[in-house]
């Protein structure tokens, strides 16, 4: 099982949709940010890691927020799933510009732009060193893209989930609100749940715990961190079952 400081055979990279948008910009997707992410991924793939990617859709739409304003929750979540497909296609284009063979598999069938998600086919793509971007969440409402990452990591027998965020790890409290918050080097799933540390939702945690998939939380904003994470260098916080 991969941990910090070790190389990974197969990893799932979880990117938030917000990470693809430049702060203060009216554009939902920043081509420059997507290109930087693709460049780092391309370089990291030289290590031989097999990579799947799950990307959120929060730069376009947040189902829970729309539901809170009166929209039917299931409908709101389906809109969010479609938003993830837009992000997946943008990332695919950037990776292909870097010379990376990349496949988008969608949990909602849309054969003109993506393959349907088929577990065995996705695994074969990874075996052949093709990057697979898993789009449209789980295909069902009421599940987050964090849960999608946990599910796909379990299905693909991945060594680790690399969760790219806007902070450099897991803290005892929100570091933006509490100057005394301390960062964990390592923390258990149980502690994250009992202390309500905002890393992933409880469904995602449960899947990771049940299938012994560790999660490394790191700062996406620091240039080079995606490459470092994929190469197994020590950074951020590792969340595991111990």
Exercise. For region 100-239, what Kirkwood radius comes out of the mean inverse Cα-Cα distance, in Å?
Worked result: 16.2 Å
Problem set entry | MRE, 222 nm, helices only [DSSP H, n ≥ 4, -39500 (n - 2.57), over the chain, to nearest 500] | -11000 deg cm²/dmol
Exercise. Per residue, what volume in Å³ does the convex hull of the Cα atoms of the chain enclose?
Worked result: 126 Å³
For this session: Using per-residue counts of other Cβ atoms within 10 Å, averaged over each peptide, order 10-17, 67-74 from highest down.
Result: 10-17, 67-74
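Taking Cα atoms of region 46-128, Rg/Rh with Kirkwood Rh, to two decimals?
Using Cα coordinates only, the ratio equals 1.05.
May I ask you to compute the full-extension gain from residue 73 to residue 25, defined as 0.36 nm times their residue separation minus their alpha-carbon distance, rounded to one decimal in nm?
Here the segment from residue 73 to residue 25 would lengthen by 14.5 nm.
No lab work stands behind these numbers, since they all come straight from the coordinates. A quick note: this is a predicted structure, and the numbers were derived from the prediction, not measured. Neighbour counts are summed over all protein chains in view; Cβ atoms, including those assigned to glycine, are modelled from backbone coordinates with ideal geometry.
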